[in-house]
1. Give V18, V35 a once-over and let me know the one that is in contact with a strand residue (DSSP E or B) (Cβ under 7 Å, 6 or more places away or on another chain), on the phi < 0 side of the Ramachandran plot and among the aliphatic types (A, V, I, L, M).
2. Tell me the helices (runs of 4 or more DSSP H) entirely within region 51-145 that contain at least 1 residues that are free of Cβ contacts under 8 Å to residues at least 24 places away in the same chain and of a type in the set (S, T, Y).
3. R37 versus (1) among the basic types (K, R); (2) in a strand (DSSP E or B); (3) modelled with pLDDT under 95: which is the lone unmet condition?
4. Residue by residue through region 153-169, note down the ones that are closer than 15 Å to T14 by Cα and either touching a Lys or Arg at 6+ places or on another chain (Cβ under 6 Å) or of a type outside the set (D, E, K, R) (or both).
5. So which pairs qualify, if the first residue must be in region 26-49 and within 19 Å of V120 (Cα to Cα), the second must be among the acidic types (D, E) and crowded, with 24+ Cβ neighbours inside 10 Å, the Cβ gap must be under 6 Å, and the two must be at least 6 apart or on different chains?
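The values are calculated or read from the model by the stated rules, or taken from the named source; none is laboratory data. Small disclaimer: the values here were computed from a predicted structure and weren't measured. FYI the Cβ positions are ideal-geometry reconstructions off the backbone, even for glycines, and counts take in every protein chain you see.
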Amino acid sequence: MSIAIYTGIGARATPPDVLALMTAIARHLAAAGVVLRSGGSPGADAAFEAGCGDGPKEIYLPWPGFNGNPSPLALDDALAARIARHDAWRVLRDALARETPPTDLDALPDETRRLYARDVPQILGRDLATPSDLVLCWTPLGVPPEGTRIALYLARHYSVPVANLNDSTVRDEWWRRVATP
């Protein structure tokens, strides 16, 4: 699989050894010119961004200065409105309505909707039309945590492959990749 753009995300509670792998993966992919998309959250997002360093990256924030992140790609009102009209928002609305208990996406507080909306360009890019080639993540067994869950709904809908580093086979494969120059 050729990767030009990947989404690097995961749980805030990602284990330290996996955070180290995420940082190594990001460093490896940045050296090859592969673009990282992430969201500025603590844990997995921060590990991917740290590894990417000054490499090519798109860090989408729900609002300016989220978690002290200086990324200029904060969700503004125009992008939030485009997302709310996009098919991806319908996908999220439907997915959340199927959960137990169901969640009404449009009834959530603005802050939560902005966090969820920020996940859309992490998968589809700022133009909302350029899906990532791969999602690299770590999620605990069972239901993925909040932000990761939202991004994974979108990845599934837009046929973006997901490599969950919680799977030891996937983790071992990536350790081999980053160890190879």
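1. Just one listed residue meets the conditions, V35.
2. Of the helices (runs of 4 or more DSSP H) lying wholly inside region 51-145, those with at least 1 residues that are free of Cβ contacts under 8 Å to residues at least 24 places away in the same chain and of a type in the set (S, T, Y) span 110-124.
3. The single condition R37 does not satisfy is (3).
4. If the condition is that a residue be closer than 15 Å to T14 by Cα and either touching a Lys or Arg at 6+ places or on another chain (Cβ under 6 Å) or of a type outside the set (D, E, K, R) (or both), then A163, N164, L165, N166, S168 are the ones that fit.
5. The qualifying pairs are S38/D45; G39/D45.
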